[in-house]
Amino acid sequence: MSGKKLRVATTSLAGCFGCHMSLLDIDERLIDLLELVEFDASPLTDKKHPGPCDLALIEGGLCNAENVHVLRELRKQCKILVAVGACAITGGLPAQRNNLDVRDCLRSVYLSGPGLAGGGLIPNDPELPLPLAQVHPLHDVVKVDYFLPGCPPSADAIWQFLTDLLAGRTPALGHGLIHYD
Amino acid sequence: MSDPKNTFSLDGHEVPVTAGQTILQAAEASGSWIPTLCHHPEFEPHGSCRVCTVKLNGRTVSACTTPVRAGDVVELDTEELKGLRQNLVQFLFTEGNHFCPSCEQSGDCRLQAVGYALGVTGGHYNPLFPSRRVDASHPDVLLELNRCILCELCVRASAQVDKKDIFALSGRGIDKQLVVNAESGRLADTNLALSDKALSVCPVGAILKKRQGFLVPIGKRTYDERSIRERDLDRAKEDPQ
Amino acid sequence: MSDPICRDLSDILRRHHQDPTRLIQILHDVMAVEGWISKTTITELSRALGLPRGQVEGVVGFYSFFLPEPSGQFRVLFSDNITDEHQGSRALLRTLAEALEVEPGQVRADGRVKIGLTSCTGLCDQGPALLVKGRAIGRLTPERLSVIAGLIESNTPIEQWPPDLFHVESHFWRRDLLLSTPCDPGAAMRALEARGSAATMAELGRSDLRGRGGAGFNTAAKWTACAAAPGPERYIVCNADEGEPGTFKDRELLAHYAHQVIEGMTIAARLVSAQRGFLYLRAEYQFLIAPLLAAFAERRSQGLLGPNILGISGFDFDIELHLGAGAYVCGEESALLESLEGKRGIPRNRPPYPVTHGYLNKPTVLNNVETFLAAAQIALHGAEWFCAVGTPKSRGTKILSVAGDVERPGTYEFPFGTTIRAILDEAGAKGVQAVQVSGPAGMLLSASELDRKLAFEDVPSAGSVMAFDQSRDLLGVTQNFVRFFAHESCGFCTPCRVGTTLNRQRMDRIVSGHGTRHDVEDLESVARLMRASSHCGLGHFAANPVVDLLRKFRPKVDRRLASLEVLPSFDLDAALGPARELTGRDDAGAHLSEEGP
Ligand SMILES: Cc1cc2nc3c(=O)[nH]c(=O)nc-3n(C[C@H](O)[C@H](O)[C@H](O)COP(=O)(O)O)c2cc1C
Ligand code: SF4
Ligand code: SF4
Ligand code: SF4
């Protein structure tokens, strides 16, 4: 590297933060990593909107309008966008609702679900993002440069991926590091 | 050097061949792995998944169905063919609903293991998210068609080994689907038994024995310790065809 | 309505001798009685035929013309070839749907009618066309459609519809060697007997006759291999599936030259010692059934078919008619054999080839209609006569179906070696932008390639030539072809099953103005994959329209792209529609644009 640190943004869309936990799991290597990268917008920092970045690591699929906005903003700001984890790559667990009608989902959650006294309301507050008819992987909406699979990807896989990238090599996960689960 | 009359060239290496062998058989016997999904050594070659595609004297063919002869030139691991196989695996992920983290077969699944071996990290194509049936009617067996890759192994096993014809195929093109041999379409209304061969051949997690899921811890599953390449070659060594 | 067993099932089964290889013919009869095939009928059929129920269900599910649920008393299917589309079929479909007050694709509430699309019905010289209850009606106009609407509305049995509706016209515009030289019934067979079998086979070899159905395999070589295959039983199969969109020359040959075709089959039977033959006719050509059966009967009465043909003891040969059921892939020879055996039309693994392992795994000669016709003429007039025209690698003539933007659509016989330009000129094509030769599976030629020659070694054709003038949208043409292949893929192998659908989605996206360069790249990679790894010819050729479009008309595609960047693969704003509906929201936050802010 030319001395300049790599600017990295991370976010979790319709995900569970498991991939972020795995990133933290790279343990003491995190120290080495922080020598080489600086974090922009990320749950690890407090910055809400990304500035121009080199790399975006995104976990979670696209479940609602807000997910789409956040993803597009990152795509605009980042040179390299990585779909991290099963949900970002396939839609994941949230996509299990894809063969249901989202209207039925909303009705059963807000109107007829167990624990509701009945007479519930489907919230229509403009602050709340509307759900999409189906949950989508990132590459259904923007160009994805790399996929880093796993649920979550192991700390070793993340480390291998990042060190490849930092060294300017096309990331290649060897045997044992590619996992879909 | 072996006798040139009884060898063919596999990626530039001379490999022995005996009469009647397919490319797949000859390659495996020599310790070269060719990925397969619809193939099962106990059944006639099928040639539908196409992930075993190789070049024979410059022409692409499926290695599992095509006989090889002395003097042939076979290309296996060229960049072009590796890319082609990756794309085919991506096609299979794209057309079904595969969510490995919650799949009982994860770690024991050929599709997944072939994906690992070929370095497939993501889908590339936009998923089709088909709406497919799950049949939980049978007391001991779950049919999860979201994960079916239409390899027909269960169809063949049930017809040829179990003599029951419990599975069949219907529809065509992208709407092709596995059907169950009952007017109700339910597994419960068939004479499927736990000991049926048809239950042990599914390469993915579409036909599952109930109450067996997730029993084996991660790290100990079929393809955790040894890759599918190593496993297939071990099997070929034990049971040369 | 619950799920009734077909009323006439026992009669139907008896008529077909409870023969499981006749399953597809049996299902046609069930369709004729009930209009659909119920679950209980499937169960009953499987019991009576001794077949697994799932297998029968699978056959019903494979063929477009078998319906597993009620689909209206009158099922109307508009032919969806590109020539029909260019002649206004889509607008006509909407006209009929409005007249009958029915949503396309849905059964009308009273169960009377359902309107949809079907692959090319082979009436491109008199389109647009449709099938109603399986019967073909061409030359559609708003007037004819209002007659049809009236007949459906009044529930008039189809047998009582005015016969002129169903009249299929004939348009032979050019006859050459094969079609202008007479060949009286029996003449070629007598010539064979006079010359002797070995000498006739040698004559056929010298003629260098190559198959007219597409692959161009040497006919004498095929027949010789079949004759040499071991075993007592052999079969002759005539491939009259003619499913390639834009092709209708076999329809014309069977309507007007049936005796020569049958004569060719009989000669093949004599040369390879076959006793049984099949003519596999696409179901769209129902109107040919009666004349063909009459021709068989006539020849039996003349001693030209049946036992002891020409009075020669031991020369026994007869032909059965088998109907397809709406599956283009069944034109592929090994899929056709599966279908003849009453199964799903899935192409077989080869080797072994049909000449040694064909129908019921017995040695079988399978040829195109035109190939048999040519063989009869060669047996009669000799190789030298045949080789007088054509090119050194493509002897004789080719019979073509010319359609699209030409003044005289119809059937033409041209010597091989004729330029595409000469063919188009003769048919009266004006302002040609491009020509699709040999159907969607063939090649798209640009206007600068019209001096190329019709020949196996240059521009081969299984029969179809479709011209498109300057007013036509070539992207729409490609979209139509790609949709055809997605509908017709048999689904056996991964590359074609998935690739045809991915290609259809990409083309739909591009044509509707949402395409990106990324879609174009995917079209290219999917095409490569399908060509390289498909199991049969359908998959090998299914990407041809896309490949030719991108190679020869790339600027047309690029101009239509919405963006060079990746755009959403689905309609983002529409995906919020259901949630908007339930929440009643319509604020800015309740919408998403295609390109983003
Ligand atoms: C998808 C597909 C469809 C075909 N359709 C036809 C057809 O409709 N008629 C035909 O004669 N051949 C068709 N063929 C070619 C046949 O497989 C076969 O080559 C031909 O019938 C052999 O006869 P020939 O040697 O007389 O041409 C088709 C091939 C493919 C791959
Ligand atoms: S069947 Fe295999 S690939 Fe599909 S979800 Fe299960 S483990 Fe994953
Ligand atoms: S259920 Fe399994 S064995 Fe049967 S066709 Fe599907 S993937 Fe193959
Ligand atoms: S290429 Fe297409 S039509 Fe041919 S076998 Fe494969 S899926 Fe079927």
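Residues considered: B:ARG235, B:ARG221. Of these, the only one that is more than 14 Å from chain C (Cβ to nearest Cβ), open to solvent by 50 Å² or more (accessible area, probe 1.4 Å) and either under 20 Å from the mean Cα position of the chain (by Cα) or within 16 Å of ligand 1 (Cβ to nearest atom) (or both) is B:ARG235.
Do we find a residue being more than 28 Å from C:ARG15 (Cα to Cα) and not β-branched (Val, Ile, Thr) anywhere in segment C:315-331? No: zero hits. When the test is whether a residue is more than 15 Å from ligand 3 (Cβ to nearest atom), open to solvent by less than 20 Å² (accessible area, probe 1.4 Å) and in contact with a Phe, Trp or Tyr (Cβ under 8 Å, 6 or more places away or on another chain), B:THR94 passes it.
If the condition is being within 14 Å of chain B (Cβ to nearest Cβ) and either buried (at least 18 other Cβ atoms within 10 Å of the Cβ) or of a type in the set (Lys, Arg) (or both), then segment A:99-111 contributes only A:VAL102.
For segment C:431-465, the tally of residues that are of a type in the set (A, V, I, L, M), out of contact with any Asp or Glu (no Cβ under 7 Å at 6 or more places or on another chain) and not in a strand (DSSP E or B) stands at 3. In the set (1) within 16 Å of ligand 2 (Cβ to nearest atom); (2) over 20 Å from C:CYS490 (Cα atoms); (3) within 11 Å of another protein chain (Cβ to nearest Cβ); (4) of a type outside the set (Phe, Trp, Tyr), the condition left unmet by B:THR94 is number (2). Residues that are more than 14 Å from chain B (Cβ to nearest Cβ) and within 15 Å of ligand 1 (Cβ to nearest atom) are absent from segment C:306-321 altogether.
Against the numbered list (1) acidic (Asp, Glu); (2) more than 24 Å from B:LYS5 (Cβ to Cβ); (3) more than 12 Å from chain C (Cβ to nearest Cβ), B:ASP72 comes up short only at (2). Scanning segment A:126-181 for residues that are within 16 Å of A:ARG29 (Cα to Cα) and among the hydrophobic types (A, V, I, L, M, F, W, C) turns up A:ALA155, A:ALA157, A:ILE158, A:TRP159, A:PHE161, A:LEU162, A:LEU165, A:LEU166, A:ALA167. In segment C:560-576 there is no residue matching the filter, namely being facing another protein chain (nearest Cβ under 9 Å), out of contact with any helix residue (DSSP H, G or I) (no Cβ under 9 Å at 6 or more places or on another chain) and more than 18 Å from A:LEU106 (Cβ to Cβ).
Looking across segment B:139-148, not a single residue is open to solvent by less than 10 Å² (accessible area, probe 1.4 Å) and either in the same structural domain as B:TYR223 (by TED's automatic domain parsing) or assigned to a loop (DSSP other than H, G, I, E, B) (or both). If only residues of segment C:218-276 that are within 19 Å of C:GLY314 (Cα to Cα) and of a type in the set (Asp, Glu) are counted, the one that is least open to solvent (accessible area, probe 1.4 Å) is C:GLU263. Would you confirm, using the coordinates I've provided, whether C:SER79 is more than 14 Å from chain B (Cβ to nearest Cβ) and either in contact with a strand residue (DSSP E or B) (Cβ under 7 Å, 6 or more places away or on another chain) or modelled with pLDDT under 95 (or both)? Against the criterion (more than 14 Å from chain B (Cβ to nearest Cβ) and either in contact with a strand residue (DSSP E or B) (Cβ under 7 Å, 6 or more places away or on another chain) or modelled with pLDDT under 95 (or both)), C:SER79 qualifies. Tell me whether segment C:346-368 contains one or more residues that are in contact with a Cys (Cβ under 6 Å, 6 or more places away or on another chain), outside any strand (DSSP E or B) and within 14 Å of another protein chain (Cβ to nearest Cβ). Checked segment C:346-368: at least one residue is in contact with a Cys (Cβ under 6 Å, 6 or more places away or on another chain), outside any strand (DSSP E or B) and within 14 Å of another protein chain (Cβ to nearest Cβ).
Only one entry of B:VAL134, B:VAL179 meets the criterion of being touching a helix residue (DSSP H, G or I) at 6+ places or on another chain (Cβ under 6 Å) and assigned by TED's automatic domain parsing to the domain that holds B:PRO203, and that entry is B:VAL179.
Taken across segment C:491-507, residues that are away from every other protein chain (no Cβ under 11 Å), surrounded by fewer than 20 Cβ atoms within 10 Å (Cβ to Cβ) and at pLDDT 95 or above do not occur at all. Within segment B:101-119, being assigned to a helix (DSSP H, G or I) and within 28 Å of C:ALA486 (Cβ to Cβ) holds for B:ARG110, B:LEU111, B:GLN112, B:VAL114, B:GLY115. Filtered by the rule that a residue be small (Gly, Ala, Ser), away from chain C (no Cβ under 12 Å) and closer than 22 Å to B:ALA113 by Cβ, segment B:9-58 gives B:ALA27, B:ALA29, B:SER30, B:GLY31, B:SER32. Against the definition (more than 22 Å from the chain's Cα centre (by Cα), away from chain B (no Cβ under 14 Å), over 29 Å from C:ALA379 (Cβ atoms) and open to solvent by less than 30 Å² (accessible area, probe 1.4 Å)), how does C:ALA441 come out, yes or no? Here the answer is no, as C:ALA441 does not meet what is asked.
Every test in (1) facing another protein chain (nearest Cβ under 7 Å); (2) surrounded by fewer than 21 Cβ atoms within 10 Å (Cβ to Cβ) is passed by A:VAL141 save one, and that test is (2). Here C:ARG531, C:ARG551, C:ARG559 are screened, and the one residue that is in a helix (DSSP H, G or I), within 16 Å of ligand 4 (Cβ to nearest atom), open to solvent by 20 Å² or more (accessible area, probe 1.4 Å) and farther than 13 Å from C:VAL482 by Cα is C:ARG531. Can you spot a residue in segment C:514-532 that is away from ligand 2 (no atom under 16 Å from the Cβ), away from every other protein chain (no Cβ under 14 Å) and of a type in the set (Lys, Arg)? No, there is no match, as no residue in segment C:514-532 is away from ligand 2 (no atom under 16 Å from the Cβ), away from every other protein chain (no Cβ under 14 Å) and of a type in the set (Lys, Arg). Only a single item in (1) at pLDDT 95 or above; (2) under 16 Å from the mean Cα position of the chain (by Cα); (3) surrounded by fewer than 20 Cβ atoms within 10 Å (Cβ to Cβ) is not met by B:ARG186, and it is number (2).
The numbered conditions (1) surrounded by fewer than 23 Cβ atoms within 10 Å (Cβ to Cβ); (2) at pLDDT 95 or above; (3) farther than 30 Å from C:LYS393 by Cβ; (4) touching a Lys or Arg at 6+ places or on another chain (Cβ under 7 Å) are all true for C:TYR285 except (1).
Put simply, of B:VAL155, B:VAL134, B:VAL179, B:VAL216 the only residue that is farther than 30 Å from B:SER30 by Cα, open to solvent by 50 Å² or more (accessible area, probe 1.4 Å) and in contact with a strand residue (DSSP E or B) (Cβ under 8 Å, 6 or more places away or on another chain) is B:VAL134. Taking (1) more than 20 Å from C:THR121 (Cα to Cα); (2) in contact with a Cys (Cβ under 9 Å, 6 or more places away or on another chain); (3) open to solvent by 20 Å² or more (accessible area, probe 1.4 Å) in turn, C:PRO409 satisfies each apart from (1). Note on segment A:147-165: residues that are more than 7 Å from chain B (Cβ to nearest Cβ) and open to solvent by 20 Å² or more (accessible area, probe 1.4 Å) amount to 7.
The values are calculated or read from the model by the stated rules, or taken from the named source; none is laboratory data. Just so it is clear, the model here is predicted, and its values are computed rather than measured. All Cβ positions, glycine included, derive from the backbone under ideal geometry; neighbour counts span all protein chains shown. These area figures cover heavy atoms from the full protein model, side chains too; ligands, DNA and RNA do not enter into them. Shrake-Rupley method; radii C 1.70, N 1.55, O 1.52, S 1.80 Å.
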